[in-house]
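The values are calculated or read from the model by the stated rules, or taken from the named source; none is laboratory data. This is a predicted model, so every value here is computed, not measured. Positions of Cβ are backbone-derived with ideal geometry, glycine not excepted, and every protein chain shown enters the neighbour counts. With ligands, DNA and RNA removed, areas are computed over all heavy atoms of the protein, side chains included. Shrake-Rupley method; radii C 1.70, N 1.55, O 1.52, S 1.80 Å.
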Amino acid sequence: MLTITLGLAMLAPGARAASLSEQLPAGALLTLETRDAGGALERLSGLIGNVVNAVGGEENEDMTGTLDGMQELLKGSLGKEAALGVFTVGTAGKTFTPHVLAVSRVDELSGEFFGSLFKKAPAARVGVYTFSRQGDVFAGMAGGLVYVSTDKGLLMGYLGRLSGKDAPRLVNSVAYTRPTRSVGAQELSLFVNFSATAKVIRGYLGRVALPRLFSPVVDAIDTLGQYAAGFTTTDAGLTAASAHAANAQGKDQPLYRLLTHTTDFKVQDIIPADVEAVAARACAPESGAYTARWLTRLDLFDPLGFLSDSQLAHHLERAGTYLGSECAQVTLAGGMKAGLDSSNPLASLDSSVSYQRVRDMDAAKKHLPEYAASVNAAIAGLGDSLGTLIRAGGPDLTGALPAELRDLGSARTEQLSEGLGQSLEPLQELLAGMKMVYAFRGDYLITAFSDKALQAALAEGGETLAQSADFQGAGLSMSGAGWRYQGNLPDLSVEDFQAALADSLKGAGLDSGAGTDETDATMSDEERAMLEALKALPSTTSGGAAGLDGALVTIGTVTTDLINRYDGLTSQSSVQGSLILSKSSVRYRWE
C-alpha cells in the first residue's frame, strides 16, 4: 500500500526540488522531481471539483470532502518537495537490476498519514534517519521526510548522503546538470539518461550473447544522450521547457545529425491562415534514408507485407535526394470536430496534410507518380492481406484468445471469432477510400491521404499563416530546429460532442435502447455495468432528461467545458551545439 501511494503521488503535478534531488546517488536512469507544486495542485483540484459538482449527484458533498482532504495531503508532501529516481543496482559481471528510490518532504498532516501506513517492525538507523522493511520495500520517516526504496543498500546510501557522507551525488554529474539546468526550476520535471540505459542494455545483451543483433537499437538509444523537461502552471495556463543533450560521441551519427539539424522556415508563407495546428521541424535531407534503413530491418517482421509491397524504404531513400530541410504537419480547419466522428475512424485525414520543401523539383515530379502509385497499391491490398492472415488462423483464433475471453462461454467466443471476420468488411471499405495524393505549390510538396484535405490546402485567395495577426503576435522565430503553433480554436458545442458520444455508444451496443429484453441477452456483464453507470449520472439540463440521454448531456457539458478552456499553444526549438532547447506556452483557463 505504501509503495502504491508514494508511486502514484510522485506522478502528480509539481516542481523540481534542488536540495532533495542533489543528494540522489549519481547514475540515475530516470528522475521525477517536484517543487512548490501547491499552485498546480490547487488549479488541478479546481478542475476536478467542477467535474464533481456536475456529476456528483447526491454524493457530491462526500466526494468534495474526499477531494479536499486528498488535496491537503498532496500539498503537504508533493506540493513542498519530492524526488523519485530509478537506479541500477548490482555488481560487476552480474546482472544489474533497476530499483526505485523516492523521498518527499511532509508537513504534520501528511506525516501522520504516511506514518499510519507503516507497520511496526525492527528499525535500522543511518545518522538521524531510521527505516524498516515494509513488505517488499524499505521505508521510514524522520526529519520532516518520508522515504522509500525497493533496495536496502540504495536507501542507506541516500540516507548517508543526507547525513553528510561524502559519496558521488547526482548534482555533480554533468550528464544530469547540463540538461536540467537548461530547463530551470519547474513545478514538475523529468530527467532521462538514455546513454546510461543503453550501457545497461548493452551489458545485458553481452551476457546473453546477443550484442550484434540489437546493436543498432542500442547505438541509437546511446546517441539520444540525456533529456530533461518540466512545466510550471500559471494563471494563464502553463509554461514548459525541455533540453535534449544529444550524445555527439554516439555511434549512430546519422541520428545525431538529424537531432541537431536546423533550417530557416518559409513554409508559413503558403499555409492557410485558418489552420487549426502546425508542427514544423527542420528535417535533414538524409532523414528519408535513415528511416529507410530502419524499415528494412523491420520488413522481416511485417506480417502483412505492406513494407515490401509499397517498397516504402526504397522510395524514402530516393526522396531524400530531392527533398529539402523543412517539414510541417498541418491540421486544417475543422480537424478537431472531424476527430469526433467515430463512425469514420479516418475522418481526421480530411483535415491533415504534410508540407515538405523541395530542392530538386524536376526529380520530385519524376519520382512522385511512381511513389504514390506504389503506396496506393499496397494500401489497396492491405485489407485482403489481413483477411488472408485471419482466415489462415481458422479455428486456432479462438484458442489463441486470452483465457478471460475463452471463459466467457462458447457462444461469446463464437461471437468474437465471427466479429474478427465481420470487422474486415468496414476496414476494407475504409481502406478503399484512402489513398496518397499530392501536389506542388511554390517550392513545396504537399501530400495527404484525402483529396478533400489536399484541395483545401490548395485553395486560392485566402490569407496565409504568415499574414495572420495572431500568428505574428506569437513572436515565433522562423529559424532553428522547429516550432509549433495552435491558435484559439472555435468552441466545441455540447451538441456536437453529445452526438459523437451517442454514435460511439451506439456502435458499442450501448445506445438509449440498450438494456431492453432484445439487447440485454447479447450484452456482456461489463457492457451492462457501463450502461447502468451512465444511466445513473445526473442531468445538467434544467429539464433533467432521464436515463442515458440525460447522462450524455452531463458528459457532453463537462467535457466540452474542459476542452473549450484551452486557448492554444506556441512552442519554439533551437540548437546550441549538441543541446536542443525547447520553450512552450500553453494558454488554458483554469477558472
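Details
- For G46, the test of being modelled with pLDDT of 70 or more and loosely packed, with under 15 Cβ neighbours inside 10 Å is passed.
- Restricted to the stretch 97-145, and to residues there that are charged (D, E, K, R) and touching a Gly at 6+ places or on another chain (Cβ under 7 Å), the residue that is surrounded by the fewest Cβ atoms within 10 Å (Cβ to Cβ) is D107.
- Single residue of the stretch 157-196 satisfying the filter (in contact with a strand residue (DSSP E or B) (Cβ under 8 Å, 6 or more places away or on another chain) and among the β-branched types (V, I, T)) that is farthest from T31 (Cα to Cα): V183
- Enumerated strands (runs of 3 or more DSSP E) restricted to the stretch 144-253, each holding at least 1 residues that are within 27 Å of A292 (Cα to Cα) and among the hydroxyl-bearing types (S, T, Y): 226-234
- From the list A328, A319, A313, the lone residue that is among the aliphatic types (A, V, I, L, M) and modelled with pLDDT under 90 is A313.
- Qualifying residue in the stretch 207-218 (condition: closer than 30 Å to A40 by Cα, crowded, with 19+ Cβ neighbours inside 10 Å and within 24 Å of the chain's Cα centre (by Cα)): no
- Condition broken by T130, with the remaining ones in (1) in contact (Cβ under 8 Å) with a residue 40 or more places away in the chain; (2) assigned to a strand (DSSP E or B) satisfied: (1)
- Selected residue (criterion: farthest from T197 (Cα to Cα)) from residues of the stretch 264-279 that are open to solvent by 30 Å² or more (accessible area, probe 1.4 Å) and outside any loop (DSSP other than H, G, I, E, B): D269
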